[in-house]
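Asker: Here it is, the structure, as C-alpha cells.
The values are calculated or read from the model by the stated rules, or taken from the named source; none is laboratory data. Nothing here was measured: the structure is a model prediction, and the numbers come from that model. For neighbour counting, all protein chains shown are included, and Cβ atoms are generated from backbone atoms with ideal geometry for every residue, glycine included.
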Amino acid sequence: MKSFIAKTINLNDGTSEEKRKEIRDYFIKTWNVHEKLYTQLASDEVFYHRGDPLRHIILFYLGHTAVFFINKLFLAKLIDARINPEFESTFAIGVDEMSWDDLDSKHYNWPEVDAVRDYREKAKEMILNLIDDTPLRLPIDWDNPFWIVMMGIEHERIHLETSSVLIRQLPLDEVVAGRFGEICTESGEAPSNEMLTVEAGNVKMGKPRNHHLYGWDNEYGKHSEEILEFKAAKYLTSNQEFLEFMKDDGYENEEFWTEEGWSWRNFKEAKMPLFWRKDGDEYRLRLVAEEIPMPWNWPVEVNYLEAKAFCNWKTKKTRKTYRLPTEAEWMRLYEYTELKDQLEWGDTAPGNINLEHFASPCPVDKFEQGKGFFDVIGNVWQWTETPITGFAGFKVHPMYDDFSTPTFDGKHNLIKGGSWISTGNEATKHSRYAFRRHFYQHAGFRMIESETPLTIESADYETDYEIAVSCEENWGDKFTLNPSFFKELSIIVLSLLKDEPVKTLLDLNADTGRLAFELAPYFEKITALDFSARYIRIPIQLQEQGYMRYVMKDEGELVFYRDVVLSDFALGKNKGNITFKQDNAQNLKPIYKDYDVIVAPNLLEELNDPKDFLANIHTRLNKNGYLIIASTYDWKDEAKENWPGGFKKDGEPVTSLDGIKQILEQNFVLERDPINLNADIKLSSRLRISRMSEITFWKKK
C-alpha cells in the first residue's frame, strides 16, 4: 500500500508548476487506490449486489466518483462536452437514505462492469488533460478551477472509505482477503480503561476562508465555545469492554436506549454489533474481506445508538455521568493533546490513519498521542453527541450545493478523528463528516465523564416557504442588490424622529426581525410583537445564537441556501434592547403601553378590523408619542365593513389615507407629508410581487 499513500495538498504555497505536479500525482494515487479497493470482490457479479439495503449496488460507487468529476467539471464549464450522458445521470445521486434517493434497481438499466471501467478510463484521461492544460494560479481558492479538481479528488477519497464499509457488509464468500493491504495481526486482552482529566479551555472551530487545505463547505465559518474541565477515556472503548455490556443484557434492556435506539434495536433484532459473529461460545470479527478471531483489545465498532446505550448502561452501573463527547469537547481533547494537523505529521502518521499502518483497526493501546491519551485520531472514527449543522457564516459552494445541507436535519451526528482508511481531507483537523445514527462506518467511541448538562444547538435551515419569503424580504439585501424594505423603513423612522426625546418603541409587526434589530441602537427598549410564532422564532434565534438559515426558491426545484449572521449586517451589539414576543396586535395585552413610538409596518392590511385598531392605538402611547404607519392599503376582501378607506361613499371616492385621517385626527396630528416606499415581495429569483407602502407620521395630541 505504500505506493498509494498520499497527503492532501497545501493549496497556497509553491509554484504553479510544482502545484500542478502535486495535484496530478494526488489524483492518480487517489484514482488507483479506489480501484484497488474493488479488487477484493470475488467476481464482477458481486458488483451487482448490495452491501447495505439502504445503499445502491456496489457498481454504482465504482461509476459514481468518475461521474461526479465529469458532472462538476461540466457544471463549472471547465469541459464543454460530456462523455456519456446516460452514465452521468445513472451514477449521479444516491449515497444516503434521503427522500430523493431512488434505490429501486428496477428503475435502472445497470451497464456491464467493463463498460463502467471503460468510462472511468475515458474520464481519467479527460481529467489528466485538464490538469495538464488548465492555467493554474495560486492560491487555489473556491473560485479557482483547480478547486473543482480537488473537490473531485477529495470526494473520491470519501468513497474509498464508505465503499469499504459496504464491501465489509457483503457475504464472506463474495470477497477475497489479502488484496488491499495488510491487516494488523496484534491482538490480545484489552487494557483496563481509565478516565483522564482534560483541562478547561476555549475552543474556536471553523476553518478560515484562506486556509491552505481543501475544505468542504461545512468546515468554514465561526463557532466559539467555553469547555469546562471533563474526563475522557484513555482508550477508545474496546471490544472487551463492550462485551460486558452485552453480558449484562444491554441489548435486552430498554432503559439503556434512547427511543430512537430502542426502535432500531427492535427493528433490526440486534443482539451484538454488526461486524461481530458468534460461533458457539466463540466470537469472531468481520473485517472488510475476512473474519478473524475476536481481537478483544481492538476498538469496538458500533453505530451511535449502540454507543449511547453503552454510556447509559455505564452511568447506571457506576452512578457517574458518562456520555459521548460533543464536537467541541472532541476538539478540546485534540488541542489538549497538542496533536498536529496532517501536513505537520512528518514522515509517518501519528496513529492508525491515512492507510499508513494497517488495512484494519489495531489495539487501542498501540498509538499514544499526548497527555496519556491514545487514538485521539485514527484507528476508528468516534461518534459524538452533536448533530451536524453549519457554523455561523456557513455558505454552500455553488458547484456542490447539496454536500452538507441535506444532513442539516438533526438526524445526522458528527463522527470525528478518522479511521485507519481515512485519507485526504477526512484525516485533517477541520474535517466534519456525519452519518445517520443507525448507520455503520468504521466507527466506535470514546466515553467522557462530565456533569456539564448536554446542550445541542440546532440551527436547521428554515424551509417553510412563507417564512423563507419573509426572511428574504427582511435579510435578502445581503445576498442581492435588492434593498430591504425593513432596513429602508428604519432609516425613514430615524429621520422622522431626529432629535426627538424617545426611548421606548413598540414594533407591531416584527416579522422576522430586521426593523427591530436596525432600531435597537437608538432606543433603550424595543418590544417587537408578531401574531405568528412561526415568524417570531426566527428573530429570537438570531438574538440568541447570532445567526439563522433559510432556503429560498430559485427556479423550479432549484434553491438558494441563505445564512444570516447578525454581525455581517453590523447588527447585534444592542440586541439586548429588544424583547420579541408573540401577540395579537388586534387584541394586545394590557402590559403593552407607555411607549414613546409605535411602528405598524404593513400591519393594517393584515387585520380583520383596522378601524378598531386605529381608534384605540393611542391608548398605548405616551403623551406626545409618535405613531408611524406603513401600509399598502391592500385590504382583506372579507372585511369590507372595516376598511378605513379604498371605496366610494355617496358616489365620491374615499382614499385609505382619508379614512385613516378621519379616525386618527381625534387623537393625533399628521406631522409630515406621506412617504412612499417600495415593499416588494420576492417569491423566487424570477418572480416578485411589486408593492408600494405609504408611510405616515402621526403625533399624539
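Asker: For L236, indicate whether it is crowded, with 18+ Cβ neighbours inside 10 Å, out of contact with any Asp or Glu (no Cβ under 9 Å at 6 or more places or on another chain) and in the same structural domain as W381 (by TED's automatic domain parsing). Talk me through it step by step, then tell me what you get.
Answerer: Working: crowded, with 18+ Cβ neighbours inside 10 Å: yes; out of contact with any Asp or Glu (no Cβ under 9 Å at 6 or more places or on another chain): no; in the same structural domain as W381 (by TED's automatic domain parsing): yes.
Against the criterion (crowded, with 18+ Cβ neighbours inside 10 Å, out of contact with any Asp or Glu (no Cβ under 9 Å at 6 or more places or on another chain) and in the same structural domain as W381 (by TED's automatic domain parsing)), L236 does not qualify.
Asker: Search region 344-373 for residues being in contact with a Lys or Arg (Cβ under 8 Å, 6 or more places away or on another chain) and crowded, with 24+ Cβ neighbours inside 10 Å, and hand back the single one that is farthest from R179 (Cα to Cα).
Answerer: Only one residue fits best here, namely N352.
Asker: Being surrounded by 14 or more Cβ atoms within 10 Å (Cβ to Cβ), outside the structural domain of Q543 (by TED's automatic domain parsing) and not small (G, A, S): is that true of V469 here? Break it down stepwise before answering.
Answerer: Details: surrounded by 14 or more Cβ atoms within 10 Å (Cβ to Cβ): yes; outside the structural domain of Q543 (by TED's automatic domain parsing): yes; not small (G, A, S): yes.
It is true that V469 is surrounded by 14 or more Cβ atoms within 10 Å (Cβ to Cβ), outside the structural domain of Q543 (by TED's automatic domain parsing) and not small (G, A, S).
Asker: Confirm whether I183 is of a type in the set (A, V, I, L, M) and within 33 Å of the chain's Cα centre (by Cα). Talk me through it step by step, then tell me what you get.
Answerer: Values: of a type in the set (A, V, I, L, M): yes; within 33 Å of the chain's Cα centre (by Cα): no.
In short, no.
Asker: Scan region 556-610 residue by residue and report those that are within 35 Å of the chain's Cα centre (by Cα), under 25 Å from T696 (Cβ atoms) and surrounded by 19 or more Cβ atoms within 10 Å (Cβ to Cβ).
Answerer: I578, P601, N602, L603
Asker: Now for a different question. Listed residues E186, E125; which is touching a Cys at 6+ places or on another chain (Cβ under 9 Å), more than 18 Å from T423 (Cβ to Cβ) and either outside the structural domain of Y48 (by TED's automatic domain parsing) or not aliphatic (A, V, I, L, M) (or both)? If you could, list the steps in order and put the result at the bottom.
Answerer: On the way: E125 fails: touching a Cys at 6+ places or on another chain (Cβ under 9 Å).
Going through E186, E125 in turn, just one is touching a Cys at 6+ places or on another chain (Cβ under 9 Å), more than 18 Å from T423 (Cβ to Cβ) and either outside the structural domain of Y48 (by TED's automatic domain parsing) or not aliphatic (A, V, I, L, M) (or both): E186.
Asker: I need the strands (runs of 3 or more DSSP E) fully contained in region 622-689, keeping only those with at least 1 residues that are among the β-branched types (V, I, T). Lay out the reasoning, then the answer.
Answerer: Values: elements: 647-649, 652-654, 668-670, 675-678, 681-684, 687-689.
The strands (runs of 3 or more DSSP E) meeting that bar are 652-654, 668-670, 675-678, 681-684, 687-689.
Asker: Taking the conditions exactly as written (among the hydroxyl-bearing types (S, T, Y), over 41 Å from the mean Cα position of the chain (by Cα) and in a helix (DSSP H, G or I)), does T619 satisfy them or not?
Answerer: Numbers: among the hydroxyl-bearing types (S, T, Y): yes; over 41 Å from the mean Cα position of the chain (by Cα): yes; in a helix (DSSP H, G or I): yes.
When the stated conditions are applied, T619 passes them.
Asker: Those residues that are of a type in the set (K, R) and either in contact with a Phe, Trp or Tyr (Cβ under 9 Å, 6 or more places away or on another chain) or closer than 18 Å to K487 by Cβ (or both), I need them from region 663-701; list them, please. Quick ask: steps written out before the conclusion?
Answerer: Filtering region 663-701 for residues of a type in the set (K, R) gives 672, 682, 686, 688, 691, 699-701.
Answer for region 663-701, where residues must be of a type in the set (K, R) and either in contact with a Phe, Trp or Tyr (Cβ under 9 Å, 6 or more places away or on another chain) or closer than 18 Å to K487 by Cβ (or both): R672, K682, R688, R691, K699, K700, K701.
Asker: Would you check if there is a residue in region 187-202 being surrounded by 17 or more Cβ atoms within 10 Å (Cβ to Cβ) and within 23 Å of the chain's Cα centre (by Cα)?
Answerer: Looking through region 187-202, none of the residues is surrounded by 17 or more Cβ atoms within 10 Å (Cβ to Cβ) and within 23 Å of the chain's Cα centre (by Cα).
Asker: Identify the single condition in (1) closer than 30 Å to Q545 by Cβ; (2) of a type in the set (D, E, K, R); (3) modelled with pLDDT under 95 that E259 does not satisfy, given that it satisfies every other one.
Answerer: Among (1) closer than 30 Å to Q545 by Cβ; (2) of a type in the set (D, E, K, R); (3) modelled with pLDDT under 95, E259 violates only (3).
Asker: Let me ask you something else. Can you tell me which of K589, K573, K611 is outside the structural domain of N218 (by TED's automatic domain parsing), over 21 Å from C471 (Cα atoms), basic (K, R) and in contact with a helix residue (DSSP H, G or I) (Cβ under 8 Å, 6 or more places away or on another chain)?
Answerer: Details: K589 fails: in contact with a helix residue (DSSP H, G or I) (Cβ under 8 Å, 6 or more places away or on another chain); K573 fails: over 21 Å from C471 (Cα atoms).
On inspection, the qualifying residue turns out to be K611.
Asker: Quick one: in region 269-283, of everything that is at pLDDT 95 or above and among the charged types (D, E, K, R), which residue is surrounded by the fewest Cβ atoms within 10 Å (Cβ to Cβ)? First the steps, then the outcome.
Answerer: Narrowing region 269-283 to residues at pLDDT 95 or above: 269-278, 282-283.
Applying the additional criterion that residues be among the charged types (D, E, K, R) yields 269, 271, 277-278, 282.
Details: E269: 7, K271: 12, R277: 14, K278: 11, E282: 9.
Top of the filtered list is E269.
Asker: When both residues are 6+ apart or on different chains and their Cβ atoms are under 9 Å apart, which pairs have a first residue that lies in region 9-31 and is in the same structural domain as P139 (by TED's automatic domain parsing), and a second that is outside any helix (DSSP H, G or I) and of a type in the set (D, E, K, R)?
Answerer: Close Cβ pairs (under 9 Å, with a partner that is outside any helix (DSSP H, G or I) and of a type in the set (D, E, K, R)) amount to L11/D141; N12/D141; S16/R137; K19/D13; Y26/K7.
Asker: Within region 662-683, which residues are of a type outside the set (A, V, I, L, M) and either surrounded by fewer than 17 Cβ atoms within 10 Å (Cβ to Cβ) or closer than 14 Å to L604 by Cα (or both)?
Answerer: To start, the set of residues in region 662-683 that are of a type outside the set (A, V, I, L, M) comprises 662, 665-668, 671-674, 676, 678, 680, 682.
Correct list: Q662, E665, Q666, E671, R672, D673, P674, N676, N678, D680.
Asker: Do we find that K593 is basic (K, R), closer than 30 Å to D217 by Cβ and not in a strand (DSSP E or B) in this structure? Steps first, answer last, please.
Answerer: Numbers: basic (K, R): yes; closer than 30 Å to D217 by Cβ: no; not in a strand (DSSP E or B): yes.
Judged against the criteria, K593 is not a match.
Asker: Can you tell me how many residues within region 475-500 are farther than 30 Å from S685 by Cα and touching a residue at least 40 places away in the same chain (Cβ under 8 Å)? Lay out the reasoning, then the answer.
Answerer: Let us first name the residues in region 475-500 that are farther than 30 Å from S685 by Cα, namely 494-500.
If we keep only those that are touching a residue at least 40 places away in the same chain (Cβ under 8 Å) as well, we get 496-497, 500.
Selection size over region 475-500: 3.
Asker: Going by what's in this entry, would P653 be described as closer than 15 Å to F697 by Cβ and not aliphatic (A, V, I, L, M)? Step through it out loud before you land on a result.
Answerer: On the way: closer than 15 Å to F697 by Cβ: no; not aliphatic (A, V, I, L, M): yes.
Against the criterion (closer than 15 Å to F697 by Cβ and not aliphatic (A, V, I, L, M)), P653 does not qualify.
Asker: Looking at region 107-129, which of its residues are out of contact with any helix residue (DSSP H, G or I) (no Cβ under 9 Å at 6 or more places or on another chain) and over 26 Å from V149 (Cβ atoms)?
Answerer: Of everything in region 107-129, just one residue is out of contact with any helix residue (DSSP H, G or I) (no Cβ under 9 Å at 6 or more places or on another chain) and over 26 Å from V149 (Cβ atoms), namely H107.
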